[in-house]
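What follows is a short report on a single structure.
A short reminder: the numbers here are calculations on the coordinates, not readings from a lab. Since the model is a prediction, treat every value here as computed from it, not as a measurement. Heads up, the Cβs are rebuilt from the backbone with ideal geometry, glycines too, and the neighbour counts pull from every protein chain shown.
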Amino acid sequence: MTPDSELSRGPGPAATPPAIAVDQGGRVRLRERETYKTLFVNPWTYTTGAVVLALLNVVLLLATGKAWGVTTSLTYWGAWAWRWLGGQPQHWRYFAEIKPAFNRPGFDFLADAGSLTNVGIVLGALLAALLANQFRVKKLKAKRQIVAAVAGGLLMGFGARLAFGCNIGAMFTAIPALSLHGWVFLVSIFAGAAVGSRLLLRYFV
Amino acid sequence: MSERILDCLGEACPIPLIRTQKALVDLAVGDVLVVQVDHSCAVKNVPEWASKVGHNYEVDEIDDGQWEIVIEKVH
Amino acid sequence: MPATETPLPSARRIARIAPARKERANQLPYALVLLAVAAAVAYELVVRRESPVSGFVWIVGIALGLAMQRSRFCFTAAMRDPLLTGSTSLTKAVIVGLAVATAGFAAAQFGAFSKAGQFADAMKLSSLDPVGLHTVVGGVLFGIGAVIAGGCATGTLMRAGEGFVQQWLALPFFVVGSAAGAASYPLWKAALFVDPKRVVYLPKALGGFGLALVLQFGLLLAAWLAADWWGKRKATIH
């Protein structure tokens, strides 16, 4: 009885299961097909992933005139939630000076490209996991994970506003877009990651 | 040649790798460490580190989204 | 598909008691349901809202999530692992991605510039944001948060989709932090000397696309070589 190994025999052609595996019930087992496995079950290389992400970003720019970003839309989500709770985010100076799109008539969730890509990413990741039969809910194991999630989330949200972007908007998009703030942000997040690693080892392992 | 189980289920990356590194220090040469993970990053970065340092390893997918990374301490 | 980065393990199987195999349910039906949901949203965008571009953006978003999950991509690991574990495989991959995107973006921007020889036309296709002390402070805070939370902006989204409850928790607080940052803008604008007009478009600042691109590709190459050298050093143990 051999285990269903993901990596133990290396990628692609080294594995020898048949191209189409038909089980006793006569059903074609999709997961065993080499093409399906290569595309959806075995992991892609990091470089493949990076190139695909970069090309998709270029495609976004060509199709919409705006490149990929994540956190501006998260800011909109927060502002819309605040408005639902009774607040008046439309009066924030931030939207007047920095993101006037927020106050454009008819601007809503489905009209915001960033909101669409954000939800798309969640869905795409879920889809990828399901197609590989690898989806699983990973519940919290320790209280420190709650602290990590809350503190980390707040820091990232706030930090991304200060820098006018995140690892995508202020780095993966900004640097290729030839904006200086991308390089400054890149160096800064490395420094932050160094500090974060110290904290991680000290309090969160 | 003993086998030790390291339960890293539910841990965020890079915790499984850090724990693996620490655990291997305590093992004798020839011992086997079985790292249980459900984090997709760990399935890549733990074997990568193990191979870099020179240990033998295998990865078994034992359930949906759950793996066992088996590392044999070589030195 | 190109060969995996992870080298092949030993040919001899490690002697151990093999774990019991569980009966596994097929997740493919759920995937198909999800695809139907995605198609429904696409229909809403393309047909009911008459915005094919929005429909396209939606599909691209799904493709982004799929690509990241499939390749186990992690920007956080790219910046954290060089110091924490000595690994630079993700760092190098990010650099390659930056180079590919630079080529594509530059082509688009130069094309726009060439119409009338105006940088302003190219800048419309760029993602120019103010730069200053606030960028550094923001970046440091972001880096700390990403490593602690176990994922950056895309990492949080991706892992939320993969079922990590920790990221289900991180995401709403990410949203709260973002809104709080926007709401408090007047405070930190003054404290960190933010000038919304202080954007630096490298081709304009350096006097041409040629110089800017040579510099950028040069820096990326240098970074890749440095990461490659660093990654080949002995693995760090903590």
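Odds and ends about this structure:
- Legend note: in chain B, cysteines whose Cβ sits 4.7 Å or more from every other cysteine Cβ are B:Cys8.
- In this Cβ point-charge picture (+1 for Lys and Arg, -1 for Asp and Glu), the protein assembly as shown has a dipole of about 680 debye about its Cα centre.
- Shape category assigned to the range C:35-139 from the gyration tensor of Cα positions, a/c cut at 1.5: oblate
- Taking every Cα-Cα distance in the range A:50-122 and sorting them into 5 Å bins from zero, the calculated P(r) comes out as 3, 14, 23, 25, 15, 10, 6, 3, 0 percent.
- Cα centroid separation - the range A:155-185 against the range A:76-134, whole Å: 18
- Sequence-separation-based contact order of chain C, relative, with Cα cut under 8 Å and 6+ spacing, percent: 24
- Sequence-distant residues sharing a close amide H with C:Phe164 (under 5 Å, placed H): A:Lys138
- Summing +1 for each Lys or Arg and -1 for each Asp or Glu among the other residues whose beta-carbon sits under 10 angstrom from that of A:Trp44 gives +2.
- Between the amide H of C:Ser51 and those of C:Val46, distances stay under 5 Å, these residues lying 5 or more places away or on another chain, with hydrogens modeled in the peptide plane.
- Sum of -39500 (n - 2.57) over DSSP H runs of 4+, divided by residues of chain C (222 nm, nearest 500): -22000 deg cm²/dmol
- Cα Rg, Dmax (largest Cα-Cα span) when computed across the range C:91-224, Å: 18.1, 52
- Three-way shape label, the range A:45-168, alpha-carbon gyration tensor, a/c 1.5: oblate
- Sparse-neighbourhood loop sites, trypsin sites (Lys or Arg not before Pro) in the range C:146-225 - DSSP loop, at most 10 other Cβ within 10 angstrom: C:Lys197
- Whole-number D in µm² s⁻¹ for the range A:140-205, Kirkwood Cα-pair radius fed into Stokes-Einstein, 10 °C, 1.306 mPa s: 123
- In terms of other Cβ atoms within 10 Å, B:Asp38, A:Asp112 run from fewest to most in the order A:Asp112, B:Asp38.
- Descending semi-axes in Å of the protein assembly as shown, equivalent ellipsoid built from Cα gyration tensor: 38, 26, 23
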